[in-house]
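Novice: Got a structure here, written out as structure tokens. Questions coming.
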Amino acid sequence: MLVTDARARAAYAEAAGIYRILPAAVAIPENRDDVVALVRQATESGMELVPRGAGSGMPGGNLGTGVIVDLSIGFGGLTVDPHNLTARAGASVTWARVNEAAKPYGLRLPPDPSSGDFATSGGMVATNAAGPRSVRYGSMRRWVEALEVVGADGSVRILERGSRSQGRFTLTPDSRLLIPARFPKTRKNSCGYALDRFAESGDEVDLFVGSEGTLGIVTEVQWKLDPIPPHTAGAALGFADLESMSEAVPYLVSLTPSAIELLDETLLRFVPEAPSVACLLLVEFEREDAAAARGVVGDAVRGLKTSAVHVETAVNRAGLEQLWSVRRLASPALARLPATQRSFQIVEDGCVPLDALGAYVAGLRAAAAQRNIPVAIFGHAGDGHVHVNALPDTTRDGWRDGLAALFEDVTALLLRLGGVPSGEHGVGRLRAGVLEQFYGKAVVDLFRGVKRAYDPLSIFNPGVIIPANDWSPVAALKMGAEAAVIPDDIATRLREVERSAAWATPKLELTR
Ligand SMILES: Cc1cc2nc3c(=O)[nH]c(=O)nc-3n(C[C@H](O)[C@H](O)[C@H](O)COP(=O)(O)OP(=O)(O)OC[C@H]3O[C@@H](n4cnc5c(N)ncnc54)[C@H](O)[C@@H]3O)c2cc1C
């Protein structure tokens, strides 16, 4: 059951993101009983388990020195219940498959990660994934009705939203007071256990969503579905400076858009077809009738006529796809960068209160300039949530220290602006060591309490969310002289997977 062959281990040594960590072994369970047996074996032997879906997660929660448990293959069951607006999906089922199955009934899973073709149900729950439409529909958390999980004692439990079942972790009255005071006021947050949501709902589901494989293994998800709105319209709005863009965002949010995406000039420079503006907002509105969809685009354009310097509108889905093509063109352009200019996702997921968006993008640009690291900035403006690809020249001396310094600069910036270091990708290993700066020691002690309650022997993903003693954001990088040695052909294939976002590829295929 455990594959310890060196080539297989190498194929699982990388994921999306910046790390390369060789696991001790790989397990590919075929069903829930296999998972239970594996967990029991781990509890008896002290073996560490790293649950893993497609491996598309960025901050290293899908890597480790223990046993990788590949859940992307054996858990493919999927049924849609159109009457109850739910879908029951095995952990391996991708967002795209859930939506393909729901579409004939006029239904969908509304949050739309751009990794939806390969991100698995288990992975999306574990990271509390999100996407452009989260500005209206929230992150995955809101759409999780129930979970089947295998706990550290090998028990299989069904956690249902609203059941308020007696869980393994309870909040004291003092901690109930602490949580609202210490949790950041951002619209999105994938940083640590969601004690704020748990305090409100009392649902264990809220502890498991976003727990990044540290509390148990998710084998099945019951998703809540939503009717697909029939009419869509939108606009591309260009701005000459960050200030006018950030002032426009709250106005656009007040019009109830289904997406407001930001493309900063640092990204637009990679797309020759893009308008020459300091930043571009791509806005989507979904409405029940066509006139309402067109009408709200008119409101958006009229309301911003003195601040937008570039305006294009679309009155239907096809037109909108055309407007948004500029966003899609950026990814292949970045993938074509020379081999020496790798894209590092080290400060890639910060989220700030909406009124701090302009200051955050300006601060990111300044930090990158000071560290002499080119960046490409884009994101989900309506949620104050910004992605950054750091593009250091890895032939230059000191590029690794530069990245570490950028990480520190951006952490300080986020702290100053009341933000969080992850809006949707999670903490992983990358950000585990800074959580205390954001939440304070008392909340991180509560996080440790949650971990102890569900996983007392720390068999699930040690070092993720709760930091390892020797934590460093730039340890175990996939690039550079210190990178773990793996066979060249596998390294090349992993690089190709990364460049082409082929995360759906079964990883053992990389060994052949
Ligand atoms: C090109 C690209 C675009 C992306 N776009 C988005 C985006 O728009 N929005 C977004 O939110 N993310 C995005 N991501 C990040 C990533 O796709 C998401 O985090 C996704 O939810 C990860 O799913 P996965 O199946 O790949 O999980 P993995 O990467 O394999 O795992 C992620 C985490 O979940 C845990 N985990 C996985 N499966 C289970 C399970 N069954 N039980 C318990 N724990 C589990 C792992 O231990 C790990 O901590 C993107 C990534 C790439 C490469």
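Please treat every number below as a calculation from the coordinates, not as lab data. Computed from a predicted model, the values in this text were never measured in an experiment. So basically every Cβ, Gly included, is an ideal-geometry build from the backbone, and we count neighbours across all protein chains shown.
Novice: Run the numbers for Asn31 and Leu337: contour at 0.36 nm per residue of separation, minus the present Cα-Cα distance, in nm.
Specialist: 106.1 nm
Novice: So who's got an amide H within less than 5 Å of the one on Asp393, skipping anything under 5 residues away but keeping other chains? H placed 1.01 Å off N, in plane.
Specialist: Residues meeting the criterion, in which the H sits 1.01 Å from N, do not exist here.
Novice: Here's a follow-up. Evaluate the distance, in nm, between pseudo-label points positioned 7 Å from the Cα of Glu247 and of Ala292 along their respective Cα→Cβ axes.
Specialist: 3.1 nm
Novice: For the chain, what proportion of DSSP beta bridges, expressed in % and rounded to the nearest 5, is antiparallel?
Specialist: 90 percent
Novice: Find the Cα radius of gyration of segment 1-134, compare it with 2.2 N^0.38 Å by division, and give the number to two decimals.
Specialist: Segment 1-134 yields a ratio of 1.13.
Novice: Once phi is turned into θ = phi - 60°, what whole-Hz ³J(HN,Hα) does the Karplus curve with 6.51, -1.76 and 1.60 give for every residue of segment 502-512, x standing for Gly and Pro?
Specialist: For segment 502-512, the Karplus curve yields 8, 6, 6, 4, x, 5, 5, 4, 5, 8, 8 Hz.
Novice: What order do you get for Leu85, Leu430, Leu2 when you list them from fewest to most C-beta neighbours inside 10 Å?
Specialist: Listed from fewest to most nearby Cβ atoms, that is Leu2, Leu85, Leu430.
Novice: Around Ser343, under 10 Å between beta carbons, what's the net of Lys plus Arg minus Asp minus Glu among the other residues?
Specialist: 0
Novice: Separate question: Sort Asp174, Asp5 so the one with the fewest other Cβ atoms within 10 Å of its own Cβ comes first.
Specialist: Asp174, Asp5
Novice: Please report the net charge: other residues with Cβ closer than 12 Å to the Cβ of Ile73, K and R +1, D and E -1.
Specialist: After counting each charged neighbour, the total is -2.
Novice: Note the full-extension length gain between Ser458 and Ala475 as 0.36 nm times their separation in residues minus their Cα-Cα distance, in nm to one decimal.
Specialist: Here the answer is 4.0 nm.
Novice: Less than 14 Å Cβ to Cβ from Asp355, Lys/Arg counted +1 and Asp/Glu -1: what total charge do the surrounding residues give?
Specialist: Net local charge, Asp355 excluded: 0.
Novice: On to the next question. May I ask you to evaluate 6.51 cos²θ - 1.76 cosθ + 1.60, the Karplus curve with θ = phi - 60°, for each residue of segment 415-432 and list the ³J(HN,Hα) values in order in whole Hz, giving x for glycine and proline?
Specialist: 4, 5, 8, x, x, 10, x, 9, x, 8, 7, x, 8, x, 8, 3, 10, 4
Novice: Beyond 31 Å between alpha-carbons counts as too far, so tell me which of Lys185/Lys478; Lys103/Lys188; Lys185/Lys224; Lys103/Lys305 fall in that bin.
Specialist: From Lys185/Lys478; Lys103/Lys188; Lys185/Lys224; Lys103/Lys305, over 31 Å: Lys185/Lys478; Lys103/Lys305.
Novice: Longest exposed-loop-site-free stretch of the chain, with GluC sites (Glu not before Pro), DSSP loop and at most 15 other Cβ within 10 Å?
Specialist: Answer from the scan: 31-272.
Novice: Also, I was wondering about something else. Tell me, what HN-Hα J-couplings in whole Hz come from the Karplus equation 6.51 cos²θ - 1.76 cosθ + 1.60 at θ = phi - 60° for each residue of segment 93-101, using x for Gly and Pro?
Specialist: Those phi angles translate into 6, 7, 4, 4, 5, 4, 6, 4, 6 Hz.
Novice: How high is the relative contact order of segment 231-335, in percent, with contacts defined as C-alpha pairs under 8 Å that are six or more residues apart?
Specialist: So the answer I get is 44 percent.
Novice: Sticking with this one: Under 5 Å between amide H atoms, partner at least 5 residues away or on a different chain: which partners does His310 have, H built in plane at 1.01 Å?
Specialist: So His310 has HN proximity to Gly238.
Novice: Would you mind calculating the relative contact order of the chain from Cα pairs under 8 angstrom and at least 6 residues apart, reporting the percent as a whole number?
Specialist: 19 percent
Novice: Oh, and also: Sorting His380, His83, His385 on the 10 Å Cβ count, fewest up front, what's the list?
Specialist: The fewest-first ordering by Cβ neighbours comes to His83, His380, His385.
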